[in-house]
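Only one structure is covered here, and it is reproduced in the block below.
We did not get these values from a lab; they are worked out from the coordinates using the rules stated. If you're wondering where the values come from, they're calculated on a predicted model, not measured in any experiment. Here Cβ is always computed from backbone atoms with ideal geometry, including for glycine, and neighbour counts include all displayed protein chains.
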Amino acid sequence: MTKGQLIPPDDYPQMVSKSDAAKMARALRSPETAARAAKVIQQQSQKLQSAVHDYVRELENAAGNLSLVFEKAHELRGFAETAGLRATGRIASGLCRYFDEMEKLGTVPDKAVVALHVSAIGRAARAKDEAGRMSDAVVKELAALVAHKLAEAAP
Amino acid sequence: MSGSAFEVLQVLVVEDNQHMRSLLRSLLNSIGIREIHEAANGAAALEILREKSCDLVLSDLAMKPMDGIDFTRDVRQSPRSANPFVPVIMVTGHTERHKVEAARDAGVTEFIAKPVTAQSLFARIAEILERPRAFVRCDSYFGPDRRRKAQDDYAGPWRRHGDHHDHQVP
């Protein structure tokens, strides 16, 4: 057994002084900062949505290559919602969860389930009413399908 | 508050998705941070850290050739590390328990699950500023104290012999 050493924050260099840190933390939580950030995201949303559409095309072209599908779905899960494409992000997130859980079970994902998700992601990303009620219904139906398939695959 | 206090900070963004890098840069700019360095993977980030004195790192987890976990471990443990205490916020879509634990054990300071929101990013930075974590150094680990909830009145039972006296660890 080796004796460990605990190094308190005062004993190593900090980013800024304590008084500045308190002021900066307050500023980070202020409504003005939130409003500026929302404007930034709004300004970037067009560019981000265009990037999401590129990833969707790559996802569709990756059909059959499950590791590539997972990689692209993961990218979409990461920033589709930030780009304002909520349903696209949620479906991609559901697909990632399916891959993760099947890996845990040591089972190969069902290609039909993957294909349904890929198709739904493409449709959602191109829909005029991306976050509408139809998209919500698709997200729910796919989540139910994943739950059913995971229950089937469980030992 | 003016952005002056943030202007002194240098931040390194390590992310293989250029759109995410751009978004994170813009969010950091919006709070007044001007000096932002970018790397597309852990190996490139280590090069930057050797040359630039960064105050904060935002890192993705899954990257090639070096991922965010190996990068963080190198920052914390390499004898060549310029600042082993630098706060590392891991920004990742990989929220599976084993990956989160691996990142924590490499020495990550905070986590943000993608999709990133400005609120989640700023809350983690505020947390680091207001409540910097103690560091632990032992044979198997160097990094922020992984016990997030300190209980000053905790009377045991102790998991390790001598914990209540002098923070002895295995």
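A compact table of results
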{"read-out": "Set of lysines with alpha-carbon distance to A:Lys149 below 19 Å, sequence-local pairs under 8 removed", "value": "A:Lys104, A:Lys111, A:Lys140"}
{"read-out": "Segment B:4-166: C-alpha gyration tensor shape, a/c 1.5 cut-off, then a/b vs b/c", "value": "prolate"}
{"read-out": "Filter on A:Lys18/B:Lys52; B:Lys52/B:Lys114; A:Lys72/B:Lys114; A:Lys47/A:Lys72; A:Lys72/B:Lys64 - keep pairs with C-alpha separation over 20 Å", "value": "A:Lys18/B:Lys52; B:Lys52/B:Lys114"}
{"read-out": "Long-range amide H partners of B:Ser59 with built H, under 5 Å", "value": "B:Val14, B:Ile89, B:Met90, B:Val91"}
{"read-out": "Gyration tensor (alpha-carbon) shape descriptor, segment A:15-96, a/c threshold 1.5", "value": "prolate"}
{"read-out": "Size of charge dipole - the protein assembly as shown - debye, nearest 20, with Cβ of Lys, Arg +1 and Asp, Glu -1, no other charges", "value": "520"}
{"read-out": "In segment A:74-155, trypsin sites (Lys or Arg not before Pro) in a DSSP loop with at most 15 other beta-carbon atoms within 10 Å", "value": "A:Lys128"}
{"read-out": "Options A:Ser135, A:Ile121, B:Pro65, ranked by Cα towards positive dipole end of the protein assembly as shown, top entry (Cβ charges)", "value": "A:Ser135"}
{"read-out": "Within chain A, helix-based [θ] at 222 nm, where runs of 4 or more DSSP H residues each add -39,500 (n - 2.57), nearest 500", "value": "-25000 deg cm²/dmol"}
{"read-out": "B:Arg147 paired with A:Ser45, simple spin-label distance in nm, labels 7 Å along Cα-to-beta-carbon", "value": "4.6"}
{"read-out": "Cα-centred dipole magnitude for chain A, charges only on beta-carbon of K, R (+1) and D, E (-1), debye, nearest 20", "value": "500"}
{"read-out": "Gyration tensor verdict on chain A (Cα atoms; rounded if a/c is under 1.5, prolate if a/b is larger than b/c, oblate otherwise)", "value": "oblate"}
{"read-out": "At most 16 other Cβ within 10 Å, DSSP loop - trypsin sites (Lys or Arg not before Pro), segment A:1-59", "value": "A:Arg29"}
{"read-out": "Distance between segment A:43-122 and segment B:4-66 - C-alpha centres, whole angstrom", "value": "25"}
{"read-out": "Sites A:Arg126 and A:Glu32, calculated FRET efficiency, Cβ-Cβ separation with R0 35 Å, nearest 0.05", "value": "0.45"}
